[in-house]
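Colleague: Could you have a look at this structure, given as structure tokens, before my questions?
The values are calculated or read from the model by the stated rules, or taken from the named source; none is laboratory data. Just so we're clear, the structure is a prediction, and the values are computed from it rather than from any experiment. No Cβ is skipped: glycine too gets one built from the backbone with ideal geometry, and neighbour counts run over all protein chains shown.
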Amino acid sequence: MLPADLHAAEGQLREALDAALAAEPRGRWTVELRFEGLRLLPVALRLAADLRASRPDLRLLFPDAGAAALAQRDAPELAGLLASFGDERRRQRARQQAEAGGLEASESGATVARAPQDPGDGNGLLVLVAPAQSEYEEVEALCGEHRGPVVLLNPSLEDAAVGIGSVARQRRRGFLAQWRSAYALVPQLASALRHSHPGPWELYRLDPDGFRAVASFERRPDGEEQERALSDGAAPGLGANLRALGDLIEGLQN
């Protein structure tokens with residue numbers, strides 16, 4: 001069911017994320033709260049604070065050093081968990097160099113002491129905050145080198161500007177295809193879309209007496225599927241027809 005407010009939505013998100021990580025501990029998951037005007041930083045910090053008890057290996061990552069510094073200022077008690085995408089890539093390269101050095105020492109016959117696991121061992125939980133299309137290559141490299149679970153909070157890695165080209169098709173079939181939704185709450189003009197793992201996608205219509213559930217889907221419904229469900233199966237309107245035409249053109253280009 002739809003949450004009553006942001007606090008309830010965050011509670012649903014955490015429950016769904018816990019279920020997703022339990023089902024696939026090294027999975028690639030997305031969580032979305034698409035409220036217009038939402039201040040995402042407080043949401044991300046509250047999520048990190050809640051996860052820290054059960055996930056001491058957590059790293060909460062921001063697109064740039066400025067955003068990471070702002071988060072550290074607002075939550076000094078979490079400062080050790082907060083960094084930028086670039087910081088994490090540097091940690092990964094340092095770990096690779098250390099592992100390569102350890103391998104060389106082992107092959108030379110020297111005794112090599114294995115360091116205990118810590119948040120930098122490549123197996124911890126990473127939460128990336130609002131990764132955008134402009135960070136696509138950095139995010140792809142970061143996730144590719146990480147051996148543990150990764151969660152994207154409100155990602156926007158797809159860009160309409162490259163939505164119908166060969167680059168977009170390659171991304172959808174490759175890196176973007178790895179991700180599954182743990183939680184999504186997407187308010188729309190007169191409806192809302194919700195998903196909470198492991199349940200179905202749920203579509204709600206805004207009626208005069210409030211939101212009413214109208215349909216459920218095994219996968220995320222596209223615009224035409226939503227409009228058909230919202231209109232109780234009636235013939236789609238002009239907006240849906242235009243979207244269908246766009247989908248047809250993209251399908252022909254694939």
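Colleague: Output the residues belonging to the stretch 55-93 that are small (Gly, Ala, Ser) and under 25 Å from residue 26 (Cβ atoms). Before you say what the answer is, go through the steps one by one.
Modeller: Of all residues in the stretch 55-93, those small (Gly, Ala, Ser) come to 65-69, 71, 75, 79-80, 83-84, 86.
Within the stretch 55-93, 68, 80, 83, 84, 86 meet the criteria.
Colleague: Looking at the stretch 62-76, I want the residues that are closer than 17 Å to residue 131 by Cα and have a partner that is outside any strand (DSSP E or B) and among the aromatic types (Phe, Trp, Tyr) with Cβ atoms under 6 Å, at least 6 apart or on another chain. Which pairs are those?
Modeller: Pairs found: 63/85.
Colleague: So for the stretch 21-33 (the condition being under 18 Å from residue 74 (Cβ atoms) and over 15 Å from the mean Cα position of the chain (by Cα)), does at least one residue qualify?
Modeller: no
Colleague: Keeping to the stretch 1-54, report how many residues are in a loop (DSSP other than H, G, I, E, B) and either more than 23 Å from residue 124 (Cβ to Cβ) or touching a helix residue (DSSP H, G or I) at 6+ places or on another chain (Cβ under 9 Å) (or both).
Modeller: 13
Colleague: Given the criteria at pLDDT 95 or above, not polar (S, T, N, Q) and not assigned by TED's automatic domain parsing to the domain that holds residue 19, does residue 227 qualify? First the steps, then the outcome.
Modeller: Numbers: at pLDDT 95 or above: no; not polar (S, T, N, Q): yes; not assigned by TED's automatic domain parsing to the domain that holds residue 19: yes.
Considered against the rule, which asks whether it is at pLDDT 95 or above, not polar (S, T, N, Q) and not assigned by TED's automatic domain parsing to the domain that holds residue 19, residue 227 comes out as no.
Colleague: For the stretch 184-220, which residues satisfy the criterion of being under 18 Å from the mean Cα position of the chain (by Cα), within 13 Å of residue 1 (Cβ to Cβ) and of a type in the set (Gly, Ala, Ser)?
Modeller: 196, 199
To keep it simple, each residue is scored yes or no on (1) at pLDDT 95 or above; (2) among the hydrophobic types (A, V, I, L, M, F, W, C).
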site	(1), (2)
8	yes, yes
14	yes, no
27	yes, no
32	yes, no
44	yes, yes
48	yes, yes
56	no, no
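Colleague: Restricting attention to the stretch 102-120, which residues are modelled with pLDDT of 50 or more and closer than 22 Å to residue 148 by Cβ?
Modeller: The answer is 102, 103, 120.
Residue-by-condition table, conditions (1) farther than 18 Å from residue 150 by Cβ; (2) among the hydrophobic types (A, V, I, L, M, F, W, C); (3) surrounded by fewer than 13 Cβ atoms within 10 Å (Cβ to Cβ):
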{"position": "44", "(1), (2), (3)": "no, yes, no"}
{"position": "50", "(1), (2), (3)": "no, no, no"}
{"position": "63", "(1), (2), (3)": "no, no, no"}
{"position": "79", "(1), (2), (3)": "yes, yes, no"}
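Colleague: State the number of residues belonging to the stretch 178-224 that are surrounded by 16 or more Cβ atoms within 10 Å (Cβ to Cβ), at pLDDT below 95 and of a type in the set (Asp, Glu).
Modeller: 1
Colleague: What is the residue count in the stretch 152-177 for residues that are modelled with pLDDT under 90 and crowded, with 19+ Cβ neighbours inside 10 Å?
Modeller: 2
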